[in-house]
Amino acid sequence: MTKYSFIPKVLFSILICVFVSCNGGKDTGSESNEEVEMLPEDIVELRADQIKFANIETGSIEMQSLSGTLKVSGKVTVAPQNMATVCMPLGGFVKSTSLMPGNAVSKGQTLAILENQEFVDIQQNYLEAKNKLEYAEAEYDRHTALYKDEVYSQENLQQVTADYKNLKAQVKALEQKLALIGINPANLHEDDISRSVVVVSPISGYVKTVNINIGKFVSPSDVLFEIVNSDKLLLELTLFEKDADKVTTGQKIRFFINNETEQHEAIIYQTGKSINDDKTFTVYASVPGVCKNVLPGMYVNAIIEATSNVVTALPSGAIVSFDDKDFIFVFEKDKEENGKPFTEYRIIEVQKGVTDGGFTEIILPEGFNFQSAKVVIKGAYNLLSAKKNAGEMSC
C-alpha cells in the first residue's frame, strides 16, 4: 500500500487541473457574455466534492506549552584555570626531561631541568647583596644612635640611610628573580649555588604537548609544555542569534562525540552576552562527573532542551512550506456559483518556532485574530497544490 500512496495526491492534482480549466470547456455561445470571477492572489476555492476528496479538515489555533529542542554543535574545552602553558622566564639549555604527551603529572612535579650561566650570576649577586645589607643595616643602626646623641652629623646619617635602603631594595629584587626561576631565597647559601633549576608543573593534569628535548636552548618566550586538567570539562557551543531567547542558565544538554551513540549530559552555566560578526553567540556548559573518552578539543553534537513557553501552535501538518516560506490556510467563506457550493480559503504567511509533541509554534501576522480563525489542519498540502495549479493555468 505504501508503494502507491502518492496516487491520491496525483488524482487530486488532476482533479484540480480539470477544475481550474473548466471555464474553457463551457458553452461559449450561452456564457460568452458572463463575467469571469477573478480570485485574489491569496485565495483558493474548492467545490464540496473536492474538499471531501482532499480530506480537508479545519480546527482552531491553540495555546500550547512547547519546549522543543535545539540541535547545535561545538567542542569540548576546559576553563582557563585548568590549562597551563609552561615557560622558563630566563631561558636556558635543557639538561633532562622524561615526559611524553599523555603523561599524567601532579602539581609541583618536576617537568624538566634547565641550565644557564645566568642562574649562577643571580644567586651570586643575591648572596653578595645580602651580606652587604647585613653590614649596611648595622651601620645604619649605629649611626642613628650616634645622631641621637648628637655625635654624628645629619648629612652622614642621610648617606648611610640611602646606602642601606638601596641594598635592601636590591636584595628584594634579587629575591623575586630567584623565585621567578624556582629557587627559594630562604634556602640559598654560599655552598648551594647551582647552575641548574627545576621546571615544575603549576597544576595537576596530563601533558598535552612537549616542545623540548635534551640539549635544546629555550628562550623566555618558548612554550616548553602544555598541561590540561580534564577533571572538569566544559562544552563551548555555537548558537544562532534567533535562538538567544530559547536558552538559559541551568538547562540540560545531551551531547555525543565521534558519532557515538552513547549519550553524555551537561548543564548550561553561562550564555553569551554579545553577538559575533557571523550572527552567532556562544553558550558554555559544564560536564558533571567523569565522561569516558571525552577529551578537550573533541567536536560534539548537542541537543539543548529549550525553555518551555506557552505559545500559539498548530499541528505540524497544518503548516506548509513553499519558496522557503511557511504558510497556513484559513477558512474565508462559503458561497455559491451557478447553483453549486464553493468554499474559499485564504493563505497566510507565518513563521515557525519550536516543534514539540507533534505541534509547532507559529508566529502570526500583526492584527490576526487567532481566536476566531478556522485553520486547515488536515489536507493543507492539497490546498497548496490547488493554489499552485491555479496560479500556473489560465482559462
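The set of residues in segment 52-107 that are under 25 Å from GLY215 (Cβ atoms) and of a type in the set (A, V, I, L, M, F, W, C) comprises ALA84, VAL86, CYS87, MET88, LEU90, PHE93, VAL94, LEU99, MET100, VAL105. Applying a threshold of 7 Å to beta carbon distances and a minimum spacing of six or more residues, or different chains, the list of pairs starting in segment 56-68 at a residue that is in contact (Cβ under 8 Å) with a residue 40 or more places away in the chain and on the phi > 0 side of the Ramachandran plot and ending at one that is part of a strand (DSSP E or B) and among the hydroxyl-bearing types (Ser, Thr, Tyr) reads GLY68/THR355.
Of all the criteria given as (1) without any contact (Cβ under 8 Å) to a residue 12 or more places away in the chain; (2) part of a strand (DSSP E or B); (3) of a type in the set (Ser, Thr, Tyr), the one not satisfied by THR85 is (1).
Exactly one residue out of GLU260, GLU241 is at pLDDT below 90 and within 12 Å of the chain's Cα centre (by Cα): that is GLU241.
Among the residues of segment 191-223, the ones that are aliphatic (A, V, I, L, M), more than 16 Å from ALA104 (Cα to Cα) and out of contact with any Phe, Trp or Tyr (no Cβ under 6 Å at 6 or more places or on another chain) come to 6 in all.
If you go through segment 132-178 and keep only what is surrounded by fewer than 13 Cβ atoms within 10 Å (Cβ to Cβ) and either in contact with a His (Cβ under 6 Å, 6 or more places away or on another chain) or not in a helix (DSSP H, G or I) (or both), you end up with ASP149, GLU150, VAL151, SER153. Looking at segment 301-334 only, could you name the residues that are part of a strand (DSSP E or B), touching a strand residue (DSSP E or B) at 6+ places or on another chain (Cβ under 7 Å) and without any contact (Cβ under 8 Å) to a residue 60 or more places away in the chain? LYS325, ASP326, PHE327, ILE328, VAL330, LYS333, ASP334 - these are the residues of segment 301-334 that are part of a strand (DSSP E or B), touching a strand residue (DSSP E or B) at 6+ places or on another chain (Cβ under 7 Å) and without any contact (Cβ under 8 Å) to a residue 60 or more places away in the chain.
As for segment 341-360, it holds at least one residue that is exposed (fewer than 15 other Cβ atoms within 10 Å of the Cβ), over 41 Å from the mean Cα position of the chain (by Cα) and of a type outside the set (S, T, N, Q). Of all residues in segment 97-133, those satisfying the criterion of being of a type in the set (Asp, Glu) and within 16 Å of PHE217 (Cα to Cα) are GLU115, GLU118.
No other residue among LEU90, LEU70, LEU114, LEU146 is at pLDDT 95 or above and either closer than 30 Å to LEU237 by Cβ or not assigned by TED's automatic domain parsing to the domain that holds ASN338 (or both) apart from LEU114. Selection of segment 352-367 for residues being in a loop (DSSP other than H, G, I, E, B) and either modelled with pLDDT under 90 or more than 20 Å from SER321 (Cβ to Cβ) (or both) yields GLY357, GLY358, GLU366, GLY367.
The values are calculated or read from the model by the stated rules, or taken from the named source; none is laboratory data. Predicted, not measured: the structure shown is a model, and the values here were computed from it. Please note: Cβ atoms are built from the backbone with ideal geometry, for glycine as well, and neighbour counts cover all protein chains shown.
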